[in-house]
Amino acid sequence: MTYLLNSPGDFAAEAVRGLVAAHGELLVEVPGGVARATQTPQGQPALVIGGGSGHYPAFAGWVGPGMGHGAPCGNVFSSPAASEVYSVVRNAENGGGVILGFGNYAGDVLHFGLAAEKLRHEGIDVRIVTVSDDIASNGPENHRDRRGVAGDLPVFKIAGAAIEAGADLDEAERVAWKANDATRSFGLAFNGCTLPGADEPLFHVDKGQMGVGLGIHGEPGVRDDRIGSAAETADLLLDQLLTEEPPRGENGYDGRVAVILNGLGTVKYEELFVVYGRIAERLEEKGLTAVRPEVGEYVTSLDMAGLSLTLVFLDDELEKLWLAPVETPAYRRGAMPDADRSPRTGVWNAAEAEIPRASQDSRVCAQSIAAVLETFQRVCADNEAELGRLDAVAGDGDHGQGMSFGSRGAARAARAAVDEGAGARTTLLLAGQAWADAAGGTSGALWGAALTSAGGAYSDTENADDRNVVDAISAGIDAVIRLGGAKPGDKTMVDAALPFRDAMEEAFETEAGPAITAAARVARDAADRTADITARLGRARVLGEKSVGTPDPGALSFSMLMTALGEHLTR
Ligand code: ADP
Ligand code: MG
């Protein structure tokens, strides 16, 4: 449990403030998280790393020369919002592009992905590297689909060192993926952790038992087992990881490994050293060389009782980068060579950001976009109760509220942008971010991404016609598929959006309104048919049999909004 706090809701933000107060030589607080106190040298790629709070030193503790350039900080165990990621990137990136690094979790994939969409439309080169080291979460053939745990440390350390050594964005991305592909972790938990202010842990492990392969937020592991001795525990962790050791003598790997024995919160350093003593012996027996091992707390889960072991199978390149100097609040080694360390010139803040200049045509188009979003707001408000009711059948009942809040946020942001003279593109980019921020939830992030990507079909300076409308909607649907990763039949809005897109493209000749109206009927039928989807595949399986007979709320709300859009454009 947490002994000291002021208020649970402010806990994560107050922890960031205190961290910055303690490390002012390295960090500044920026809207959404932290960034280096120094200016990123012109043209140097920025490494922006993040995720939920509650895992210190991941991630804000790793910002500084040789590692991260900035870290958006979400609430405890929840992804930072897209706007927070965006804001930290604006404070870290300086013409060299950015790598967004985070553990592979659905919420982070959505919110970092949405920020990436917006940044790309603004001309910033963005690469995404998802850390996926936890071997308990998927098979070796799907390594990049695994979830990320303590592998965050070596992957970000190695990528940051490559950047410090002069790598450009392509090179830094290559090295980051190479490090991720060489990293494996496995963990154990003896008991769950308690969110600040909560009375009960998030999950329990029975006394005397351990969750083998349990995730850092209590995600299910591979099995429960009796807690063994320290030596047995060391053997269990090491043997599991070594099932994935690459062949020695191939691709530059010859038995050198970076080793991280990580305490998750409650297991103390002495216990870890007892375990590590055995690991060191076993490594030697097996002819493996531990390169600069780390034993301590690196990726924690509040007060979770547990530990994890990470191995990085090194070649010369990875070894050199793993050993390079680094200077961050929580991770320091060696002496950083002198480099460009000029103080930052200021802090970027969304409230003071300038709206790009727009042509008169584009401003007129932006007016229409704001009017469409106001129509969406009305439709969502009118259907809030019904969509909530549908979502409550097999989900959490918040879809009506999410759509209502999201569309209202987007409409307000669009109207404010128009009043400040924004063009069509900028209006949609801002509206997309506002939708995601105001809605929360999966559908909020996806609708935000859709609007943002739709913005890419417009310009702030050129004229737009009905073809742009159709292209914008297609781009929005593409973004939903790209970020959400849902397949047809998973019982999501994609089941309505894909047939809609095909029908719209087919019906479109010169006028968008009638084509959208015709396609919206197809979407409505498809949404109704999602009621029949049985719980075999993808998301439908997660929803379970309970959802059979009820249409997917997201598919239905999609068809409602497209119906309203068709009517609006035809009028
Ligand atoms: P949450 O699921 O976070 O509570 P909402 O209740 O607002 O968010 O939205 C639920 C809707 O989101 C679902 O009905 C579905 O249509 C849509 N959805 C969920 N996951 C995905 C996904 N991966 N891709 C596309 N749509 C999705
Ligand atoms: Mg919901």
For M336, what charge total do you get from the other residues with a beta carbon under 10 Å from its beta carbon, if Lys and Arg give +1 and Asp and Glu give -1? 0
Taking K and R as +1 and D and E as -1, what net charge do the other residues with C-beta under 9 Å from the C-beta of G432 add up to? 0
Heavy atoms of H217 accessible to a 1.4 Å probe, total area in Å² rounded to 10: 50 Å²
For the chain, state the average projected area of the convex hull of the C-alpha atoms over all orientations, rounded to one decimal in nm². 26.3 nm²
So what J values fall out for segment 247-253 if you push phi through Karplus, 6.51 cos²θ - 1.76 cosθ + 1.60 with θ = phi - 60°, rounded to Hz, Gly and Pro as x? x, 6, x, 10, 6, x, 8
Taking a probe of 1.4 angstrom, what is the accessible area of F273 in Å², to the nearest 10? 110 Å²
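For K320, K268, K491, K207, give the ranking by accessible area with the largest first, probe 1.4 Å. All intermediate terms of the calculation are to be shown ahead of the outcome.
On the way: K320 155, K268 95, K491 5, K207 200 Å².
Sorted by accessible area, descending: K207, K320, K268, K491.
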Solvent-accessible area of V109 with every protein chain in place, 1.4 Å probe, in Å² to the nearest 10: 40 Å²
The set of residues whose placed amide H lies less than 5 Å from the amide H of V295, leaving out same-chain residues fewer than 5 positions away, is L261
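Determine the order of D199, D315 by accessible area, beginning with the largest, at a probe radius of 1.4 Å. It would help to have the intermediate numbers written out before the result.
Numbers: D199 140, D315 25 Å².
Result of the area sort, largest leading: D199, D315.
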Going by alpha carbons, how many degrees (0 to 90, nearest 10) lie between the helix axis of 152-164 and the longest principal axis of the chain? 80 degrees
Taking placed amide H atoms and a strict 5 Å upper bound, the residues 5 or more places from E462 or on another chain that come that close are none
In whole angstrom, note down how far apart the Cα centers of segment 404-422 and segment 129-147 are. 39 Å
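Tell me the net charge near T266. Cut-off is 11 Å between Cβ atoms, T266 excluded, with +1 for each Lys or Arg and -1 for each Asp or Glu. Walk me through the numbers on the way to the answer.
Details: positive: K268; negative: E271, E297, D303.
Neighbour charge sum, excluding T266 itself: -2.
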Using a 1.4 Å probe on the protein heavy atoms, what percent of the accessible area of the chain belongs to carbon and sulfur? 50 percent
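The values are calculated or read from the model by the stated rules, or taken from the named source; none is laboratory data. The structure presented is a predicted model; accordingly, all values stated were derived computationally and were not measured. FYI the Cβ positions are ideal-geometry reconstructions off the backbone, even for glycines, and counts take in every protein chain you see. Surface accessibility is based on the protein's heavy atoms, side chains included, excluding ligands, DNA and RNA. Shrake-Rupley method; radii C 1.70, N 1.55, O 1.52, S 1.80 Å.
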